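The values are calculated or read from the model by the stated rules, or taken from the named source; none is laboratory data. Model, not experiment: these values are computed from the prediction. In this analysis, Cβ positions are derived from the backbone assuming ideal geometry, glycine residues included, and neighbour counts consider all displayed protein chains.
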Amino acid sequence: MITQKELREMQERCNLAAPGPWTGDEEFGDVTNEHTGIAECCMANDTLFIAAARTDMPLLIAEVKRLIEEAERLREGLICQCCCNPNEPVEVICAKCLDETMRDLP
């Protein structure tokens with residue numbers, strides 16, 4: 001699992017990198033933005049990967065953060081919905097409450 005610290009470090013590296021978008025010239029192996037050279041590569045696939053990373057990484061970091069937040073909200077909802085609010089209707093039930101419910105069945 002990626003930690004918050006690792007996500008922050010990735011975001012910091014993105015913030016420090018030359019502005020994008022970057023483009024890759026497969027023939028010459030150059031990675032550039034509109035102002036300067038970024039890298040020179042020997043292999044066309046590396047050129048394309050490095051060029052795409054400038055825009056891909058910020059998108060991936062944002063999506064991971066969104067998914068972590070969503071998972072936390074869902075986890076909180078499960079706990080509150082079945083353990084903390086026993087009189088509320090339950091659409092999803094946690095494993096602990098499910099075990100207790102199953103024990104009560106005849």
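Answer yes if at least one residue in the range 64-72 is at pLDDT below 95, part of a loop (DSSP other than H, G, I, E, B) and either surrounded by 10 or more Cβ atoms within 10 Å (Cβ to Cβ) or of a type in the set (Lys, Arg) (or both), and no otherwise. There is no residue in the range 64-72 that is at pLDDT below 95, part of a loop (DSSP other than H, G, I, E, B) and either surrounded by 10 or more Cβ atoms within 10 Å (Cβ to Cβ) or of a type in the set (Lys, Arg) (or both). Considering the conditions (1) of a type outside the set (S, T, N, Q); (2) surrounded by fewer than 16 Cβ atoms within 10 Å (Cβ to Cβ); (3) at pLDDT below 95; (4) part of a helix (DSSP H, G or I), Glu88 is excluded by exactly one of them, (4).
Any residue at all in the range 36-50 that's hydroxyl-bearing (Ser, Thr, Tyr) and either exposed (fewer than 14 other Cβ atoms within 10 Å of the Cβ) or touching a residue at least 60 places away in the same chain (Cβ under 8 Å) (or both)? Within the range 36-50 (the criterion being hydroxyl-bearing (Ser, Thr, Tyr) and either exposed (fewer than 14 other Cβ atoms within 10 Å of the Cβ) or touching a residue at least 60 places away in the same chain (Cβ under 8 Å) (or both)), the answer is yes, since at least one residue qualifies.
Checking each residue in the range 16-25 for being farther than 13 Å from Ala53 by Cα and loosely packed, with under 14 Cβ neighbours inside 10 Å picks out only Leu16. Count of the range 24-46 residues, restricted to those that are farther than 16 Å from Asp56 by Cα, assigned to a loop (DSSP other than H, G, I, E, B) and either touching a strand residue (DSSP E or B) at 6+ places or on another chain (Cβ under 9 Å) or not polar (S, T, N, Q) (or both), is 9.
A count restricted to the range 42-70 and to residues that are within 18 Å of Glu6 (Cα to Cα) and not charged (D, E, K, R) stands at 10.
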